[in-house]
Amino acid sequence: SYLDNLSEIRSLLEGAMAAKAARNATPEDIAELSAQIEKLEGLVSVPAAYVHEDVAFHDIIMRMSGDRLSKAIIDGVQSEALRTHGYSGRLKVEHVKATHEAHKKIHAAIAAHDPDAAARAMRQHIESSWATRRANRPASR
């Protein structure tokens with residue numbers, strides 16, 4: 001489906017961007033990403049607030065990567081996805097907890113300047129998050 005393809009593109013591009021972020025990360029970048037992880041930690045029990053800051057977490061990583069073309073593609077893909085019913089799904093605290101654990105793995109890999117682990121963690125996060133949302137989508141009529 002369109003949404004499956006869209007999630008696949010996002011996974012590939014954001015995985016590559018996470019790897020670039022791990023290679024390029026300055027101490028200031030890591031401090032900013034760490035502050036965002038701490039902010040997210042406090043919002044795990046409030047899914048609606050977490051989602052807003054989740055986008056900021058991904059934006060920080062995309063900016064750290066220095067890859068403006070991929071960011072522009074993802075921004076376009078993401079805006080289309082958010083307009084399409086069924087992409088975001090209904091977020092439950094359990095899903096947010098799993099998302100946060102994935103974000104912590106991504107953060108740790110970037111902070112360790114480990115591009116392979118960062119790419120792998122980002123791809124796994126996006127793919128598993130989509131699989132959860134996809135499973136919870138209402139059936140098409």
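The values are calculated or read from the model by the stated rules, or taken from the named source; none is laboratory data. Note that the structure is predicted; figures quoted are calculated from it, not measured. Counting neighbours? That spans all protein chains shown, and the Cβs are built from the backbone with ideal geometry, glycine included. Keep in mind that these areas ignore ligands, DNA and RNA; they rest on the heavy atoms of the full protein, side chains included. Shrake-Rupley method; radii C 1.70, N 1.55, O 1.52, S 1.80 Å.
Scanning region 109-127 for residues being among the hydrophobic types (A, V, I, L, M, F, W, C) and either under 15 Å from Ala98 (Cβ atoms) or open to solvent by 30 Å² or more (accessible area, probe 1.4 Å) (or both) gives a total of 5. In region 34-51 there is no residue that is aromatic (Phe, Trp, Tyr), touching a residue at least 24 places away in the same chain (Cβ under 8 Å) and open to solvent by 70 Å² or more (accessible area, probe 1.4 Å).
Looking only at region 10-33, residues that are surrounded by fewer than 18 Cβ atoms within 10 Å (Cβ to Cβ) and touching a Pro at 6+ places or on another chain (Cβ under 8 Å) come to 1 in all. Residue pairs whose Cβ atoms lie under 8 Å apart, sitting 6 or more positions apart in sequence or on different chains, and linking a residue in region 1-21 that is over 12 Å from Val77 (Cα atoms) and at pLDDT 90 or above to a partner that is acidic (Asp, Glu) and open to solvent by less than 40 Å² (accessible area, probe 1.4 Å), are Ala16/Asp67; Met17/Asp67; Lys20/Asp67; Ala21/Asp29. Looking across Glu127, Glu80, one residue alone is over 13 Å from the mean Cα position of the chain (by Cα) and acidic (Asp, Glu). It is Glu80.
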